[in-house]
Amino acid sequence: MIVGIPQEIKNNESRVGMTPGGVFELTKNNHTVYVQSGAGLGSGFSNEDYQQAGAAILDTIAQVYAMSDMIVKVKEPIAEEYNLIKEGQILFTYFHFASSEALTKAMIKQKAICIAYETVEDEEGTLPLLTPMSEVAGRMAIQQGAKYLEKPVKGRGVLLGGVPGVAPGKVLVLGAGVVGVQAAKMAAGLGAHVTILDVNMKRLRYVNDVMPPHVTTEFSNEFNIRKHIKTHDLIIGGVLLKGAKAPNLITRDMLKEMKPGTVIVDVAVDQGGCVETTKPTTHEDPIYIIDDVVHYSVANMPGAVPYTSTMALTNVTLPYTLKLANLGWEAACKKDASLQKGLNIVAGKVVYNEILEAFGWEDVLA
Ligand SMILES: NC(=O)c1ccc[n+]([C@@H]2O[C@H](COP(=O)([O-])OP(=O)(O)OC[C@H]3O[C@@H](n4cnc5c(N)ncnc54)[C@H](O)[C@@H]3O)[C@@H](O)[C@H]2O)c1
């Protein structure tokens, strides 16, 4: 199969769909890989790195789309790319169709085979191609939170780890899923005192088993949240209700109960956030302040660490990319139920119910 890796042209996206290591595996399996010139630079990979791994470099994005049977990307195609997509071409990338009717209609029109990273689902019901980005965001949340706790950027002026003779900072983590556990681990590593809340007792038992004693678990309810926000310096929002908007666990009135300079990093911002006052921000302008509480709510946190994120993404996408290239999409999806769940639009037809529901469309579109 001919596999194409275009440069991401969405604003501020420095990740790339495949590392040179991924290219190496594909070419080893006798596939041809075309990489757009400069596509990997934002993630630290030069054209030479890709060439050494077996890829050929093409000058333009139009050439990459025109010459490839399958496009492997990071973000959904943007309007400028729509007309480059060929009928029957496989697109393997994050799409998030339910949040864009325009994108959905464009992909139907182009009659592409759209396999969405975010809906590939394994036997346990987890989303293996979303997990690494949650891992990145969870770990980054503490790094960002620690930074914004500094006084010059309006934080409380607390060093999370404390120093000998001074108590460490306190971190409250809402949600003990992938984001929450990674955040708790980083905060604990810095020496902070961590309280982690969830409604799922299984997750709390797991956290209790694996974390050091300065990470304590509690059940998530309004009473406990109101109690803890008064004493914690950094609050991480990592809750998720699958397929629904995140619940507002911290309401506007609660901000007044917090110490001035408290920092909230609401990682769940992409699902609406679990703090009433959350609104999406960007890496250029990541924070805003309400009632002396610093809010950090960047919707694409992994985009700031493209080197790590690109590697983490290729680690998990590559086995599926290889399957698609080796078998073709139909046989690959038939053989692999996880990949089958990734099929969203096939040759002009929506085959994923949630997309139809999101737009109130009655039936599979022809
Ligand atoms: N901003 C970013 O760049 C970025 C990056 C990656 C992920 N995310 C988002 O982070 C969020 C969390 O992702 P995840 O992978 O950790 O999800 P996850 O499903 O692994 O974990 C979510 C956890 O929230 C818990 N939860 C549900 N209701 C709760 C409540 N009322 N109180 C406390 N906990 C509750 C669940 O039991 C679960 O353990 C998602 O919205 C995801 O989209 C954002």
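The values are calculated or read from the model by the stated rules, or taken from the named source; none is laboratory data. None of these values were measured; they are calculated from a predicted model. Neighbour counts run over all protein chains shown; Cβ positions are idealised from the backbone, glycine included.
Here are some notes:
- Annotation: residue 123 fulfils all but one of (1) at pLDDT 95 or above; (2) acidic (Asp, Glu); (3) touching a Ser or Thr at 6+ places or on another chain (Cβ under 9 Å); the unmet one is (1).
- Scanning region 264-285 for residues that are within 12 Å of the ligand (Cβ to nearest atom) and surrounded by fewer than 16 Cβ atoms within 10 Å (Cβ to Cβ) returns 280, 282, 283.
- Test: residue in region 195-212 that is touching a strand residue (DSSP E or B) at 6+ places or on another chain (Cβ under 6 Å), away from the ligand (no atom under 11 Å from the Cβ) and free of Cβ contacts under 8 Å to residues at least 60 places away in the same chain: yes
- Scanning region 77-108 for residues that are closer than 21 Å to residue 325 by Cβ and part of a loop (DSSP other than H, G, I, E, B) turns up 77, 84, 85, 86, 87, 88, 89, 94, 95.
- Of all residues in region 331-355 being exposed (fewer than 13 other Cβ atoms within 10 Å of the Cβ) and free of Cβ contacts under 8 Å to residues at least 60 places away in the same chain, the one that is farthest from residue 121 (Cα to Cα): 331
- Failed item in (1) part of a loop (DSSP other than H, G, I, E, B); (2) more than 18 Å from the chain's Cα centre (by Cα), with residue 11 passing the rest: (2)
- Residues that are in a loop (DSSP other than H, G, I, E, B), of a type outside the set (Gly, Ala, Ser) and touching a residue at least 40 places away in the same chain (Cβ under 8 Å) within region 46-75 comprise 69, 73, 74, 75, listed in sequence order.
- Yes/no for residue 183 being assigned to a loop (DSSP other than H, G, I, E, B) and within 13 Å of the ligand (Cβ to nearest atom): no
- With respect to the conditions (1) part of a helix (DSSP H, G or I); (2) touching a helix residue (DSSP H, G or I) at 6+ places or on another chain (Cβ under 9 Å); (3) away from the ligand (no atom under 14 Å from the Cβ), residue 261 falls short on a single one, namely (1).
- Here residue 173 fits the description: out of contact with any Lys or Arg (no Cβ under 7 Å at 6 or more places or on another chain) and within 21 Å of residue 287 (Cα to Cα).
- Just one of the listed residues (25, 48) is of a type in the set (Asp, Glu) and either within 28 Å of residue 346 (Cα to Cα) or modelled with pLDDT under 95 (or both), namely 25.
- Residue within region 153-172 that is within 16 Å of the ligand (Cβ to nearest atom) and within 17 Å of the chain's Cα centre (by Cα) present: no
- First in region 139-160 and charged (D, E, K, R), second anywhere and in a helix (DSSP H, G or I), Cβ under 8 Å, 6 or more apart: 139/182; 139/183; 139/185; 139/186; 147/153; 154/148
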